[in-house]
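Here is the structure we will look at.
The values are calculated or read from the model by the stated rules, or taken from the named source; none is laboratory data. Not measured: the values here are computed from a predicted model. As a convention, Cβ positions derive from the backbone with ideal geometry for all residues, glycine included, and neighbour counts pool all protein chains shown.
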Amino acid sequence: MTTSTRHPDHDLRSDPLRRILPLLEVRPVKVTGAIGLGVLALACAIGLAAVAAWLVARAAQMPPVLTLSVAVVSVRAFGIGRGVLRYCERLASHDVALRGMAALRANLYDRLAADDRPVTVRRGELLARIGQDVDDVGDVVVRALVPAGVAVVTSLGSVILLGVLLPAAGVALALCLALAGIVTPWLAARAAARTEARGAATRGEVAALSLEVLEGSAPLRVSGRFGARLADLDAADARLSAVADDGARTSGLAAALGALAQGLAVLAALALGIPAALSGSLSVEALSVVVLTPLAVFEATAGLPAAAVQLHRSREAARRLLELLPESAPGSATQAAPAPGASGDAGAPGVSAGAGASGGSGEAGGALLVLDRVAAGWPDAAGRPRTAVAGVSLTLRPGSVVALAGPSGVGKTTLLMTAAGLIPPVGGTVSAWSADRQQVGIPSYRSAGVLPITPITPTTPAMPSMPGTQSGRLFVAEDGHLFDTTVLENLRVARGDVTAAEARAALDAVGLGAWLTALPDGLDTVVGTDAAAVSGGERRRLLVARALLSPARVLLVDEPAEHLDGRTADALVRTLAAHARATGRAVLLATHRLTPLAAADEVVVLGVGEGVRASGTHADLLRDDPDYAWSAAQEAGLLNPHSLTAEPG
């Protein structure tokens, strides 16, 4: 059986707005109701103009007062009804739009949470998309669909009304309405097509630069780039203003054409109506109705240019939102392969690492995570994969600890993210197994059923038990986020049922017991926006404590020793190793610090541009790898970097 697939770009070009409208969860009945209320409101406006024109013309003839009573009451009714119905239409349409925006934002969050692809846009750009772009898509109901529906119905009714009184005037009104309701919106949409894509991209750039300046002002000032980034923000804001000016010129032209069409309709009514009135085929009262009614009718088409612009803006926003979403169903594909098992080194219990593939069956050997000749990297500007590190093979089993060592820039973080399934491997395979021996590959997209639930029973009294632990992989980023809430709630990000006792045990394990005791409110102390109330080292250990409380069976920890003094950093690495062995977890950590790596079962040394340079136990590398031994000795203070000789003693 053969299947065909459509390219994602083709789907995006077909009609992104139609594709994303189901996520709004808009009920057609409510949209129809809003259009109906808008039609009634505009009908009252047209009726008010028509009846008032008839009333003025008839009153000038000084008839009996009772002859005018119905028209007087009708004017009052139309005047009141116009305001009341317009208010009701606004309530109905905005209710549809706001509910649709809320549903779209919730569905968007669900889809993003179910997507395993990395987010390749900047944070400010992402905020612009899930903020302004969602609003633009939701506005299509209030500012495009409802005005268009109201304009079609009321224009048709007005043409019929004038056609009954004077057929030629009805035809003239229809032509002028076509100019105002079709040609003018078409011109506005064409102009919007030239400016909207540029405006959306510029808005995202302004949001990204603003966020960078606000959140990174201190580092930017230290590096001397704060003024340059402010200049970039001013330039982006100037480009956004230029786009707005282009849109204003388009709106002005559309308004001018609308006014021209309205004036032409009135002049045509006069030119056709006066001869008819002089010939006696049209009464004076009917002439006033034919001439003055178009003044109210064109209220229906006045908003159509803006509706056309909004339709294009919403379509462009929908396209940008669809770029964030997966193109296939969650959990539809995996990149798993039969995992290789361990080979060779008996001195590394349950772990093998190096440039070659491991032999045997990972499943049979109880492996939790296997990397087989993995190449990791990120796409370049052209979308082509760019390898940062290649040829990495290793196997992690319950209780094993592997360290990735090497200078900054060799690809340690990229390799960790690849092992976590956050980015796909450039080459090779990444495979994982749950505790019940179900193979878990690197899924294209997350799925609730990908990582089964299984209990873990820790054997160390220092750490809390974790009932109902998920057999997944957790990437502990060096710059992981701490929320503007209490210490306890920040730890509960890992697992929502963490108790105060469990939180204290985790903080004690990472060396934050004394820090917690010194806090004014203990676990209820608020850490501040972006952890402003904690130091870099305290932040790092809080992230590790959160990882220890998580239900993941494989911890992928990036630079746990960052921002810490040597003794504290070494103790934290040893804590992670002891925790892995006590709880049956596996730990893969990236570090540039070599001193504590005796606690690891295996050390994989990565070199710049050469992938795996060496691998083995810490003791083996000290004996067999001069570069590794030199770096470790210098780090431990056993070498004088000035004389490059060993210190006495």
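Restricted to the range 292-306, and to residues there that are in a helix (DSSP H, G or I) and farther than 16 Å from Gly157 by Cα, the residue that is modelled with the lowest pLDDT is Ala306. Any residue in the range 518-530 that is in contact (Cβ under 8 Å) with a residue 60 or more places away in the chain and surrounded by fewer than 23 Cβ atoms within 10 Å (Cβ to Cβ)? Within the range 518-530, one or more residues are in contact (Cβ under 8 Å) with a residue 60 or more places away in the chain and surrounded by fewer than 23 Cβ atoms within 10 Å (Cβ to Cβ). Taken together, Ala254, Ala228 contain a single residue that is assigned by TED's automatic domain parsing to the domain that holds Cys176 and at pLDDT below 75, which is Ala254. Taking the residues in the range 13-35 that are among the basic types (Lys, Arg) and part of a helix (DSSP H, G or I) as candidates, determine which candidate is nearest to His94 (Cα to Cα). The extreme case among them is Lys30. Here Leu548 fits the description: touching a His at 6+ places or on another chain (Cβ under 7 Å) and buried (at least 17 other Cβ atoms within 10 Å of the Cβ). Is one or more of the residues making up the range 244-263 crowded, with 17+ Cβ neighbours inside 10 Å, part of a loop (DSSP other than H, G, I, E, B), out of contact with any Asp or Glu (no Cβ under 8 Å at 6 or more places or on another chain) and not polar (S, T, N, Q)? Checking the range 244-263: not a single residue is crowded, with 17+ Cβ neighbours inside 10 Å, part of a loop (DSSP other than H, G, I, E, B), out of contact with any Asp or Glu (no Cβ under 8 Å at 6 or more places or on another chain) and not polar (S, T, N, Q). Of the numbered criteria (1) of a type outside the set (Lys, Arg); (2) farther than 19 Å from Leu415 by Cα; (3) at pLDDT below 85; (4) surrounded by 14 or more Cβ atoms within 10 Å (Cβ to Cβ), the one Asn640 fails is (4).
Only a single criterion out of (1) within 26 Å of His579 (Cα to Cα); (2) at pLDDT below 70 is not satisfied by Gly649, namely (1).
Scanning the range 64-106 for residues that are over 16 Å from Thr32 (Cβ atoms) and of a type in the set (Ser, Thr, Tyr) gives Thr67, Ser69, Ser74, Tyr87. Pick from the range 353-386 the residues that are more than 18 Å from Leu588 (Cα to Cα) and in contact with a Phe, Trp or Tyr (Cβ under 9 Å, 6 or more places away or on another chain): which of them is modelled with the lowest pLDDT? Per the stated criteria, the residue is Glu363. Meeting the requirement of 2 or more residues that are at pLDDT below 85, the helices (runs of 4 or more DSSP H) wholly within the range 488-592 are 536-549, 566-583.
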